[in-house]
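Q: Quick one: the structure is below, and I'll ask about it shortly.
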Amino acid sequence: MPESAQLTACGAIVAPVGRRAKVLAGITDSFSAGLGIFPFGIALGLLVMQLGLPWWVAPALSLSAFAGSLELLLVGMIATVEPLAAVAITVFVVNFRHVFYAFSFPRHLVRNRFARLYATYAMIDEVYAVNAALPKSHQSAARILAMQVACEIYWVGGGLVGVLIASLLLGPIKGLEFALCTLFTVLALDAFRSRRQIPSVMLAGASIAIALVVAPGVALFVAMLIFVGLLLVRYAIDRHHTGRSESA
Amino acid sequence: MPETTYILAVLAITFSITFALRAAPFAVLGTLQESTLVEELSRWMPVGVLGILAVTAFRGSVVGLPGTAIYAVPALAVTIAVHLLCGRRTLLSVTLGTATFVSLVNLL
């Protein structure tokens with residue numbers, strides 16, 4: 001599919017111009033992510049209260065980790081007072097995937113030093129994912145930062161709402177976390193721009209299949225490692241081929 | 001009931017490791033910015049990473065609510081169909097797909 005047709009299909013032919021438009025675009029980007037993040041935050045707040053921890057653990061965890069699945073794990077670990085070394089290893093393993101985001105996260109667009117620190121700290125799955133699905137010309141510092149701030153507000157806000165719900169003893173809505181699955185699926189569809197992506201999709205499919213069989217508990221981490229490993233092999237094979245065709 | 005100092009230590013450890021994992025690769029990449037390897041990886045990675053995130057999120061939802069796999073499959077089909085047929089409006093696709101799952105789980 002030609003790039004122009006793709007952009008029309010996305011419903012945004014023209015990249016946002018001007019700071020205001022970019023910030024608005026970033027906030028708009030955050031809505032679909034927020035549908036997944038906000039209920040996740042509520043779940044976190046509920047769990048904190050259910051395990052009898054002080055209410056401020058919910059917002060404090062959200063600010064210090066800013067990574068959904070990890071926080072739910074940590075709440076359980078805090079409640080049972082796991083050794084700090086176990087906490088450190090868990091954080092390392094669960095969040096290790098962020099190491100790979102640097103390859104394709106356009107942090108270089110953010111020029112201001114402090115803003116850049118914030119952009120690094122707030123490089124969560126959802127922000128990485130939404131940005132990766134955007135055409136290059138639509139990416140900008142203002143858009144990234146606006147989305148990050150909005151997502152952090154949803155996270156912390158969701159946690160506080162969860163705490164509130166738990167103290168009022170209302171039941172949560174079952175199944176809302178499915179929003180995260182639909183979001184990542186939709187973004188994967190958008191990132192699939194041409195047939196040239198087929199090898200990547202197949203390698204990713206193989207990676208997650210192997211990871212789910214070998215290590216279902218840490219499937220995300222293992223799948224990322226295998227995927228990057230396979231991409232490195234692909235790169236080596238590509239180089240080998242182009243090297244040969246050049247010399248032929 | 002854990003002590004406050006213990007909780008604060010957990011928070012400090014979490015923040016340091018998470019930030020280091022997010023920041024360190026950029027420091028290394030600074031010197032690799034021009035390399036073809038990084039360029040190729042940045043082109044190849046997004047679609048695969050998003051696919052992996054989608055699968056693990058799917059599994060997380062289904063494992064979190066046992067017996068809901070039969071609802072998750074049609075809900076995902078609705079998400080994909082709406083996205084491809086209604087002009088790739090992310091918020092619309094996510095809302096309708098999630099609403100399908102939530103309704104099936106809570107009403108059936």
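The values are calculated or read from the model by the stated rules, or taken from the named source; none is laboratory data. None of these values were measured; they are calculated from a predicted model. Here the Cβ positions follow ideal geometry from the backbone for every residue, glycine too, while neighbour counts run over all protein chains shown.
Q: Out of B:78, B:105, which single residue is more than 24 Å from residue A:124 (Cβ to Cβ), touching a Phe, Trp or Tyr at 6+ places or on another chain (Cβ under 8 Å) and modelled with pLDDT of 90 or more?
A: B:105
Q: Checking residue B:56 against (1) more than 23 Å from residue A:92 (Cα to Cα); (2) of a type outside the set (Lys, Arg); (3) touching a helix residue (DSSP H, G or I) at 6+ places or on another chain (Cβ under 6 Å), which single condition isn't satisfied?
A: (1)
Q: Read through the list (1) more than 12 Å from every other protein chain (Cβ to nearest Cβ); (2) of a type in the set (A, V, I, L, M, F, W, C); (3) outside any loop (DSSP other than H, G, I, E, B), then give the number of the only condition that residue A:17 fails.
A: So the condition that residue A:17 fails would be (3).
Q: When you go through A:143, A:193 one by one, which is the residue that is over 25 Å from residue A:92 (Cα atoms) and either within 16 Å of the chain's Cα centre (by Cα) or assigned to a helix (DSSP H, G or I) (or both)?
A: Details: A:193 fails: either within 16 Å of the chain's Cα centre (by Cα) or assigned to a helix (DSSP H, G or I) (or both).
Testing whether each residue is over 25 Å from residue A:92 (Cα atoms) and either within 16 Å of the chain's Cα centre (by Cα) or assigned to a helix (DSSP H, G or I) (or both) leaves just A:143.
Q: Right, here's the next one. Residues that are over 30 Å from residue B:86 (Cβ atoms) and outside any helix (DSSP H, G or I): does segment A:202-212 have at least one?
A: Scanning segment A:202-212, I find no residue that is over 30 Å from residue B:86 (Cβ atoms) and outside any helix (DSSP H, G or I), so the answer is no.
Q: Sticking with this structure for a sec: Among what's in segment A:210-242 and is small (Gly, Ala, Ser) and at the interface with chain B (Cβ under 9 Å from one of its Cβ atoms), pick the residue that is nearest to residue B:56 (Cα to Cα).
A: Ranking the qualifying residues of segment A:210-242, first place goes to A:219.
Q: Looking at B:4, B:56, B:18, which one is assigned by TED's automatic domain parsing to the domain that holds residue B:98 and at pLDDT 80 or above?
A: Only one candidate passes the filter, namely B:56.
Q: Can you find, within segment A:149-179, the residue that is nearest to residue A:24 (Cα to Cα) among those that are without any contact (Cβ under 8 Å) to a residue 60 or more places away in the chain and touching a helix residue (DSSP H, G or I) at 6+ places or on another chain (Cβ under 6 Å)?
A: It comes out as A:178.
Q: For segment A:127-140: of the residues being buried (at least 21 other Cβ atoms within 10 Å of the Cβ) and assigned to a helix (DSSP H, G or I), which is farthest from the other protein chains (Cβ to nearest Cβ)?
A: A:127
Q: Let me spell it out: the conditions are (1) within 7 Å of another protein chain (Cβ to nearest Cβ); (2) free of Cβ contacts under 8 Å to residues at least 24 places away in the same chain; (3) touching a Phe, Trp or Tyr at 6+ places or on another chain (Cβ under 9 Å), and residue B:83 meets all of them except one. Which number is the exception?
A: Failed condition: (3).
Residue by residue, here is whether (1) hydrophobic (A, V, I, L, M, F, W, C); (2) more than 20 Å from residue B:43 (Cα to Cα); (3) surrounded by 15 or more Cβ atoms within 10 Å (Cβ to Cβ) holds:
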| residue | (1), (2), (3) |
| --- | --- |
| A:194 | no, no, no |
| A:200 | no, no, yes |
| A:210 | yes, yes, yes |
| A:219 | yes, yes, yes |
| A:223 | yes, no, yes |
| A:226 | yes, no, yes |
| A:230 | yes, no, yes |
| A:236 | yes, no, no |
| A:241 | no, no, no |
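Q: While we're here: Collect the residues in segment A:95-121 that are facing another protein chain (nearest Cβ under 9 Å), within 15 Å of the chain's Cα centre (by Cα) and part of a helix (DSSP H, G or I), keeping them in residue-number order.
A: Selection gives A:95, A:98, A:99, A:100, A:101, A:107, A:120, A:121.
A quick yes/no check of all residues on (1) within 10 Å of another protein chain (Cβ to nearest Cβ); (2) surrounded by 21 or more Cβ atoms within 10 Å (Cβ to Cβ):
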position	(1), (2)
A:84	yes, no
A:92	yes, no
A:125	yes, yes
A:144	no, yes
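Q: With the condition kept exactly as written, say whether any residue in segment A:163-186 is modelled with pLDDT of 90 or more, buried (at least 20 other Cβ atoms within 10 Å of the Cβ), among the hydrophobic types (A, V, I, L, M, F, W, C) and in a helix (DSSP H, G or I).
A: Yes, segment A:163-186 has at least one match.
Q: Checking residue B:70 against (1) under 30 Å from residue A:49 (Cβ atoms); (2) more than 7 Å from every other protein chain (Cβ to nearest Cβ), only one condition comes out false. Which one?
A: Here residue B:70 meets the rest and fails (1).
Q: Any chance you could count how many residues in segment A:61-70 are modelled with pLDDT under 85 and more than 8 Å from every other protein chain (Cβ to nearest Cβ)?
A: Qualifying residue count, segment A:61-70: 1.
Q: Could you list, in sequence order, all residues of segment B:45-75 that are buried (at least 20 other Cβ atoms within 10 Å of the Cβ) and touching a residue at least 24 places away in the same chain (Cβ under 8 Å)?
A: B:61, B:68, B:71, B:72, B:75 - these are the residues of segment B:45-75 that are buried (at least 20 other Cβ atoms within 10 Å of the Cβ) and touching a residue at least 24 places away in the same chain (Cβ under 8 Å).
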